[in-house]
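Only one structure is covered here, and it is reproduced in the block below.
What follows draws every value from the coordinates through simple rules; no lab data is involved. Everything numeric in this text was worked out from a predicted model, so none of it was measured. With ideal geometry, Cβ positions are generated from the backbone for all residues, glycine too; neighbour counts draw on all protein chains shown.
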Amino acid sequence: IVSCKIGPSILNADLSQLYDESQRLLDSGADYLHLDVMDGTFVPNLTFGHPVVKCLRTKLPNTMLETHMMVQNPIQWVSPMADANVDQYTFHIEPCEDVPLVCRKIREAGMKVGLAIKPGTPITCIEKYIDMADMVLVMTVEPGFGGQKFMVNMMPKVEWLRENYPTLDIEVDGGVGPSTIDICAKAGANMIVSGTAVIQAENPPQVIKFLRESVNK
Ligand code: DX5
Ligand code: ZN
């Protein structure tokens with residue numbers, strides 16, 4: 001019922017060549033791009049923000065862009081990201097005072113709503129908001145850095161979501177690659193973020209194809 005989408009994370013790409021790297025991933029079969037926005041406060045790392053996303057958007061007018069907002073104040077960046085023509089605004093509920101308000105603002109701004117939870121956040125914290133969301137992101141590493149080890153003990157969250165929301169888009173992010181995709185697919189994830197496993201692959205198209213076939217089988 002839900003369709004499989006592969007969204008590489010460009011976090012560990014050569015960011016001095018952001019457009020070329022993005023195009024390379026799209027040519028390799030990516031369905032969308034997962035753009036990791038970090039503010040140095042919610043996570044101990046910094047990446048880029050709406051000015052960079054906006055420039056990328058002008059060069060990629062038809063690509064689905066998701067911003068994964070690892071920021072302390074999610075409401076602050078809703079309109080700048082809408083102005084950058086982002087398709088989906090995925091934010092963490094942990095620092096957020098008024099989740100329904102942020103969801104509403106995202107929708108009013110014309111974007112899809114993604115709700116993200118860190119590994120330590122139980123699914124019960126997000127349950128009451130799921131009806132306001134287009135997608136739930138279950139983090140499978142502590143947010144902040146690419147190249148970390150996949151946390152298999154997050155799979156019960158995905159399983160619970162899939163059991164209770166058969167048509168919900170469920171995304172996994174962190175340490176996902178050819179060696180961990182089967183368990184994600186089996187748990188019920190259909191939106192697959194993969195960073196280093198795709199970026200550092202010798203043959204990215206082959207990896208993307210493998211990930212897709214693993215979810216679809
Ligand atoms: C981590 C980011 C992820 C990360 C994925 O904070 O949200 O999107 O870049 O990279 P890999 O697949 O290497 O874990
Ligand atoms: Zn991410």
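Observations, loosely collected:
- Looking at region 114-192, the trypsin sites (Lys or Arg not before Pro) that sit in a DSSP loop and have at most 13 other Cβ atoms within 10 Å of their own Cβ are Lys128, Lys149.
- The stretch between Asp14 and Ser179 holds 57.0 nm of extra length on full extension. This uses 0.36 nm per residue minus the Cα-Cα distance.
- The residue among Ser179, Met81, Ser3 whose Cα reaches farthest toward the positive pole of the charge dipole of the chain, with charges on the beta-carbon of Lys, Arg, Asp and Glu, is Ser3.
- Computed label-point distance, nm, for sites Thr124 and Thr41 using a 7 Å Cα→Cβ extension: 3.0 nm
- Given their separation in residues at 0.36 nm each and the Cα-Cα distance between them, Met132 and Asn153 gain 5.0 nm when the chain is fully extended.
- Pairs of alpha carbons in the chain whose separation is greater than 29 Å (percent): 17 percent
- Two-site FRET efficiency, Phe210 against Glu108, from Cβ-Cβ distance with R₀ of 41 Å, rounded to 0.05: 0.60
- A Cβ-based charge dipole, computed about the Cα centre of the chain with Lys and Arg at +1 and Asp and Glu at -1, lands at about 220 debye.
- Ranked by the mean number of other Cβ atoms within 10 Å of their residues, highest first, the peptides 11-17, 195-201 fall in the order 195-201, 11-17.
- 5 angstrom amide H check on Asp169, placed H, neighbours 5+ away: Val136
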